[in-house]
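Notes follow the structure.
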Amino acid sequence: MRTADSNLRVFYLGTKIVHGVGSVAETGAELKGLGAAKALVVTDRGIRKAGLLDGVLRSLEEAGMASVVFDEVEEDPGGATVGRGAELASRERCDGIVVVGGGSPICAGRGIGVVVTNGGKIRDYTGLNKAKKPPLPLIAIPTTAGSGAEVSQFIVLKDEEVHTKMVAGSPLYFPKVAILDPLLLRGLSFGQFVASGVDALGHAVEAFLTSVTTPITDAVALQAVTMIYEHLRPAATSDDLDAKEACLIASTMANIAAGNARLGLVHLMTNPMEGMFHIPHGIAVGTLLPYVMEFNLPASHVRFASLARAMGESGAVGSIEDLARRALVALKRLLADLNFPRKYSELQVDRGSIPQMAAMAMGGQYSVYDPSKEYSMTAPVPTTNIRKATMGDLIRLYENAFEGWD
Ligand SMILES: [Fe+2]
């Protein structure tokens, strides 16, 4: 029987979304509208060198706003970078933040905003709703079509002390504005576009396959799948600006869905791969996605049939089970077209580390694996994944990813 508690769902998005070709020209007016007078512009050196800040800085200047650039965000940033950025923001008396970059700068920039107004270190805010005061108002301008961090209430950073990820979440951490300008994606390499696009596809697919989906999240997630499936190939391989824009908007939509419907086993299992073997997030997502989808298939043929249709498959012939299975076929076809790695052995992941990876993915009680101990393979995985899994399932899924697919 359903109770009021088990039925209760909330759809929330705390971010205004401005999108369109050339939309970075709105940055100054948007930040002014948030009541700020001086911006800390957070980015990385590559983005600055590529000239992607130019339009943003011009817009701030035209709006009469002062700005100072912090371009020290590295790949996979941690608390030290956030600390340095927060120090600069405080010293320069910045009262707003503009982040230009992928998931790393956007998470670092949001962390800076929290530390400036709340004090301490970003590590102090690990967990949910730890910050008491709102962070500095922030505009996120993504330069990849992938992470969806521009519409996320979760800040994900490297925890330098325990070599894993720290996650801080609060509705306060939503960027106030996300500006989606496809002109900023033009410099991405094929590999960068593919890795981020597959990450976004992973968000959309996983958000459609959880135990807490709603009609609202389903609509957003499915449309994101449709758009990414149709546009990722031309977006990654050509200058097609319409395709790039479709991927950018779809990646934001995918994370809007995931922010409300949550994610599944793929995103649980990628953390150890990134922490232990430094596999880029999008690559980790795409190598696991086919196996986790196969694992999830028996949980809902109807949902998989919807995914298949979203990926252009037709239900004209055959049973719903056939159509459901074609979602997997379609996914593999896309990954193959994109020359995506098909197995872990191509990625220098050590097979002997699977028990440790599974333990880290389980989190909490098992996060440090002790080979001298007996582990329960039937221990349930804490996840919103549509099909309940055990630690043994995680190990089998990692093993499968080693074998690869044809
Ligand atoms: Fe992701």
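Summary of values
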{"read-out": "Residue that is on the phi > 0 side of the Ramachandran plot and touching a residue at least 40 places away in the same chain (Cβ under 8 Å), where the choices are G35, G79", "value": "G35"}
{"read-out": "Failed item, numbered, when V156 is tested on (1) part of a helix (DSSP H, G or I); (2) touching a Gly at 6+ places or on another chain (Cβ under 9 Å)", "value": "(1)"}
{"read-out": "Filtered residues of the stretch 327-367 (kept if within 30 Å of T226 (Cα to Cα) and either acidic (D, E) or at pLDDT below 95 (or both))", "value": "D337, N339, F340, P341, R342, K343, Y344, E346, L347, A361"}
{"read-out": "Matching residues, the stretch 307-322, being out of contact with any Leu (no Cβ under 6 Å at 6 or more places or on another chain) and either over 30 Å from N271 (Cβ atoms) or part of a helix (DSSP H, G or I) (or both)", "value": "L307, R309, G312, E313, S314, A316, V317, G318, S319, I320, E321, D322"}
{"read-out": "First in the stretch 65-76 and farther than 12 Å from V98 by Cβ, second anywhere and part of a loop (DSSP other than H, G, I, E, B) and among the β-branched types (V, I, T), Cβ under 7 Å, 6 or more apart", "value": "D71/T43; V73/T43"}
{"read-out": "Test: residue in the stretch 101-110 that is under 25 Å from L52 (Cα atoms) and assigned to a strand (DSSP E or B)", "value": "yes"}
{"read-out": "Total residues in the stretch 223-266, condition of a type in the set (S, T, Y) and closer than 21 Å to M293 by Cβ", "value": "3"}
{"read-out": "Those helices (runs of 4 or more DSSP H) lying entirely in the stretch 175-267 with at least 2 residues of a type outside the set (V, I, T), without any contact (Cβ under 8 Å) to a residue 12 or more places away in the chain and surrounded by fewer than 24 Cβ atoms within 10 Å (Cβ to Cβ)", "value": "215-237"}
{"read-out": "Unique match (being modelled with pLDDT of 95 or more and touching a Ser or Thr at 6+ places or on another chain (Cβ under 9 Å)) among A224, A254", "value": "A224"}
{"read-out": "Only listed residue being buried (at least 19 other Cβ atoms within 10 Å of the Cβ) and within 13 Å of the ligand (Cβ to nearest atom), chosen from L289, L328, L334", "value": "L289"}
{"read-out": "Some residue of the stretch 261-276 being away from the ligand (no atom under 16 Å from the Cβ) and more than 29 Å from L183 (Cβ to Cβ)", "value": "yes"}
{"read-out": "Residues (within 15 Å of the ligand (Cβ to nearest atom), crowded, with 24+ Cβ neighbours inside 10 Å and on the phi < 0 side of the Ramachandran plot) located in the stretch 141-155", "value": "P142, T144, A145, G146, S147, A149, E150, V151, S152, I155"}
{"read-out": "Residues of the stretch 277-286 satisfying the condition of being assigned to a loop (DSSP other than H, G, I, E, B), within 14 Å of the ligand (Cβ to nearest atom) and not hydrophobic (A, V, I, L, M, F, W, C)", "value": "P280"}
{"read-out": "Spans of helices (runs of 4 or more DSSP H) in the stretch 1-75 with at least 1 residues among the β-branched types (V, I, T) and over 22 Å from the mean Cα position of the chain (by Cα)", "value": "27-33, 54-62"}
{"read-out": "Some residue of the stretch 79-90 being within 21 Å of L183 (Cβ to Cβ), of a type outside the set (S, T, Y) and part of a helix (DSSP H, G or I)", "value": "no"}
{"read-out": "Residue match in the stretch 170-181 (condition: within 20 Å of A86 (Cα to Cα) and within 16 Å of the ligand (Cβ to nearest atom))", "value": "no"}
{"read-out": "Residue match in the stretch 212-227 (condition: in contact with a Leu (Cβ under 9 Å, 6 or more places away or on another chain) and more than 23 Å from V177 (Cα to Cα))", "value": "yes"}
{"read-out": "Output for the stretch 149-195, where each listed residue is within 14 Å of the chain's Cα centre (by Cα), among the small types (G, A, S) and more than 24 Å from D95 (Cα to Cα)", "value": "A195"}
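The values are calculated or read from the model by the stated rules, or taken from the named source; none is laboratory data. A quick note: this is a predicted structure, and the numbers were derived from the prediction, not measured. Positions of Cβ are generated from backbone atoms using ideal geometry, with glycine treated the same way; all protein chains shown enter the neighbour counts.
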